[in-house]
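The values are calculated or read from the model by the stated rules, or taken from the named source; none is laboratory data. Since this is a predicted model, take the numbers as computed values, not measurements. Cβ: placed from backbone, ideal geometry, glycine included. Neighbour counts: every protein chain shown.
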Amino acid sequence: MIISKTPFRISFCGGGTDMKEYYSLKQGSVVSTAINRHMYIMVKDFFDPNKIFLKYSRTEMITNVDKIRHPIIREALKSTGIMRGVEIASMADIPSATGLGSSSSFTVGLLNALHAYLEEHKSPEQLAKEACNIEIEMLKEPIGKQDQYIASYGGLRQIIFHTDDTVSSEIIIIPKSVKEELESNLLLFYTGVARNSRDILSEQKKNIGKKTEFLDAMKELSSEMKNSLVSKDTTRFGELLHKNWEYKKKLASKITNPLIDRYYKTAINSGALGGKILGAGGGGFLLFYCEQKKQNNLIKNMRNLRQVPFRFENHGTRIVYRD
Amino acid sequence: MKGFISEYFEELNKILARIPEKDIEDITNVIYNAYTNNRTIFIFGNGGSASTASHFACDLGKGTLSRVYDPSEKRFRVVSLTDSVPTMTAYANDLSFEDIFVQQLRNLVHKGDVVIAVTGSGNSKNVIKAVKYARDCGAVTIGLLGFDGGKVKKLLDKYVVVPSNHYGRIEDVHLILEHLITDYLRNKIK
């Protein structure tokens with residue numbers, strides 16, 4: 001049996017410039033971090049060598065790979081060449097469709113586990129590429145490429161999307177004290193709304209031509225954000241988070257809504273310097289940057305929302321068990 | 001003769017028009033995934049299909065190359081089980097004719113590899129035995145078939161059945177498919 005453990009992520013800045021419609025014309029850039037909330041995928045031989053048994057939010061027992069209803073599992077099995085005799089189960093720390101990149105964490109973690117099951121080692125780069133191919137090329141999801149890369153590599157990173165479709169990324173090196181300050185000043189709240197990212201992202205993708213100036217600005221912010229971290233200026237980081245949100249809101253009509261706007265306003269009035277909705281928008285998780293002395297006030301004023309503690313995660317996808 | 005020629009061509013055209021394109025796409029994808037994952041592809045068959053197996057391996061191995069002197073060019077890992085007369089006759093003589101392919105697979109096949117069975121009837125015992133073994137090893141099994149697909153069909157993950165009951169036409173089309181697939185892949189990986 002194989003178990004893979006793959007981090008979720010929090011995207012800080014530049015989301016949208018990782019879509020092909022943007023980066024094929026000019027280089028894209030995001031700042032993103034893996035967090036210590038994970039997706040676990042288990043893969044083992046199945047008792048019936050001619051069948052496939054799947055356990056996720058539903059169960060499936062099938063004899064023909066093409067009949068699998070879960071699109072990512074179906075394409076991942078075809079891509080790796082596993083046609084039968086396998087059992088797959090998934091578990092996660094956080095529910096799906098909440099903006100923490102869970103579907104790409106799932107894809108990357110599943111591919112890592114399936115390759116390990118086949119006794120193959122794949123590099124983070126190879127896993128990210130294969131995951132992008134499945135989600136974007138095969139399944140036509142209207143998503144970018146940052147989630148697959150951060151899930152594969154882990155860490156706090158600036159990721160660059162080049163016009164020739166290649167991707168490079170580097171760890172943003174910051175002193176431990178700055179990292180700890182950042183971690184304790186970032187607060188994550190769950191709106192309680194799981195949303196369908198597809199509609200929002202499809203609109204955002206369609207808008208890219210019209211919204212290029214905003215995306216250009218967000219890309220610039222991602223480099224500024226990296227510099228703010230390198231120069232240990234966490235206050236500036238918080239302010240840049242706010243600037244990014246001001247642009248992000250404009251990329252598609254349903255990224256924010258009156259409820260999210262109200263939460264955001266409350267947070268800023270309570271002392272947060274900046275924040276954003278994570279992922280596509282419309283619901284899911286809210287992130288705020290707030291200095292410690294004002295956090296009690298913020299948490300009190302967000303009392304309807306569940307706070308989810310987290311830390312940064314240095315590891316990308318890993319095989320944590322193998323027998 | 002004139003009538004025979006035109007009838008032959010016409011029949012071939014009709015057969016080609018009835019092959020589901022999706023089936024060809026599916027087996028091509030399996031072969032392409034094997035390439036990207038560095039898996040080995042094994043091809044085998046009897047008689048005319050043996051020559052198609054050898055021909056297919058030659059084209060996938062060499063015919064897909066665009067920069068033959070470039071050591072960094074990624075190549076197909078492909079073996080036909082129909083190329084070694086010593087090995088085939090050794091197994092046929094010492095064990096049985098049914099064992100000539102499966103015994104070669106036992107040296108080499110690994111989970112995730114791909115086997116391609118080329119068989120007009122779909123009923124050749126040595127082909128069926130090899131496909132069964134490949135399945136048990138966790139290989140992806142695909143086939144180029146004819147008639148109704150025969151007994152091997154249900155053991156295959158993906159296949160193309162050439163809709164004809166004539167061995168000659170079936171083998172003609174298998175060769176066309178082999179060329180079509182390798183040509184497509186050569187352009188795709190270029």
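Does the stretch A:227-241 contain any residue that is crowded, with 20+ Cβ neighbours inside 10 Å and part of a loop (DSSP other than H, G, I, E, B)?
There is no residue in the stretch A:227-241 that is crowded, with 20+ Cβ neighbours inside 10 Å and part of a loop (DSSP other than H, G, I, E, B).
How many of the residues making up the stretch B:78-124 are more than 17 Å from the chain's Cα centre (by Cα) and within 14 Å of another protein chain (Cβ to nearest Cβ)?
Number of matching residues: 2.
Looking only at the stretch B:28-64, count how many residues are in contact (Cβ under 8 Å) with a residue 24 or more places away in the chain and not in a helix (DSSP H, G or I).
The number of residues fulfilling the criteria is 11.
Mind telling me which of the residues A:ARG157, A:ARG195 ends up being charged (D, E, K, R) and either in a helix (DSSP H, G or I) or not assigned by TED's automatic domain parsing to the domain that holds A:SER123 (or both)?
A:ARG195
Restricting attention to the stretch A:69-90, which residues are under 16 Å from A:LEU114 (Cα atoms), without any contact (Cβ under 8 Å) to a residue 60 or more places away in the chain and more than 13 Å from every other protein chain (Cβ to nearest Cβ)?
Let us first name the residues in the stretch A:69-90 that are under 16 Å from A:LEU114 (Cα atoms), namely A:70-90.
If we keep only those that are without any contact (Cβ under 8 Å) to a residue 60 or more places away in the chain too, we end up with A:70, A:73-74, A:76-90.
Once the filter is applied, which keeps residues that are under 16 Å from A:LEU114 (Cα atoms), without any contact (Cβ under 8 Å) to a residue 60 or more places away in the chain and more than 13 Å from every other protein chain (Cβ to nearest Cβ), the stretch A:69-90 yields A:HIS70, A:ILE73, A:GLU87, A:ILE88, A:ALA89, A:SER90.
Provide a single number: the residues in the stretch A:91-118 that are more than 14 Å from chain B (Cβ to nearest Cβ) and outside any loop (DSSP other than H, G, I, E, B). It would help to see each step written out before you state the result.
Filtering the stretch A:91-118 down to residues more than 14 Å from chain B (Cβ to nearest Cβ) leaves A:91-110.
Still in the list and also outside any loop (DSSP other than H, G, I, E, B): A:91-92, A:102-110.
Residues flagged as more than 14 Å from chain B (Cβ to nearest Cβ) and outside any loop (DSSP other than H, G, I, E, B) within the stretch A:91-118 amount to 11.
Take A:ALA217 and decide whether it is in a helix (DSSP H, G or I) and aliphatic (A, V, I, L, M).
On the way: in a helix (DSSP H, G or I): yes; aliphatic (A, V, I, L, M): yes.
Yes; evaluated as a whole, the condition is true for this residue.
How many residues are part of a helix (DSSP H, G or I) and in contact (Cβ under 8 Å) with a residue 24 or more places away in the chain when one looks only at the stretch B:150-167?
Restricting attention to the stretch B:150-167, the residues satisfying the condition of being part of a helix (DSSP H, G or I) are B:151-155, B:167.
Okay, now just the ones that are also in contact (Cβ under 8 Å) with a residue 24 or more places away in the chain, so B:151-153, B:155, B:167.
Selection size over the stretch B:150-167: 5.
I want to confirm something. Restricting to the stretch B:125-152 and keeping residues that are within 13 Å of another protein chain (Cβ to nearest Cβ) and basic (Lys, Arg), which single residue is surrounded by the fewest Cβ atoms within 10 Å (Cβ to Cβ)? So that I can check it myself, show each step before the final result.
Step one: filter the stretch B:125-152 for residues within 13 Å of another protein chain (Cβ to nearest Cβ), giving B:131-142.
Then drop every residue that is not basic (Lys, Arg), which leaves B:132, B:135.
Details: B:LYS132: 14, B:ARG135: 20.
Only one residue fits best here, namely B:LYS132.
A:SER253 is checked against (1) outside any helix (DSSP H, G or I); (2) crowded, with 21+ Cβ neighbours inside 10 Å; (3) not assigned by TED's automatic domain parsing to the domain that holds A:VAL30 and fails just one. What number does that condition carry?
(2)
Got at least one residue in the stretch A:175-186 being more than 14 Å from every other protein chain (Cβ to nearest Cβ), farther than 30 Å from B:THR40 by Cα and outside any helix (DSSP H, G or I)?
At the first step, the residues of the stretch A:175-186 found to be more than 14 Å from every other protein chain (Cβ to nearest Cβ) are A:175-186.
Those still in the list that are farther than 30 Å from B:THR40 by Cα too: A:175-186.
Subsequent filtering for residues that are outside any helix (DSSP H, G or I) retains A:175, A:186.
Yes, some residue in the stretch A:175-186 is more than 14 Å from every other protein chain (Cβ to nearest Cβ), farther than 30 Å from B:THR40 by Cα and outside any helix (DSSP H, G or I).
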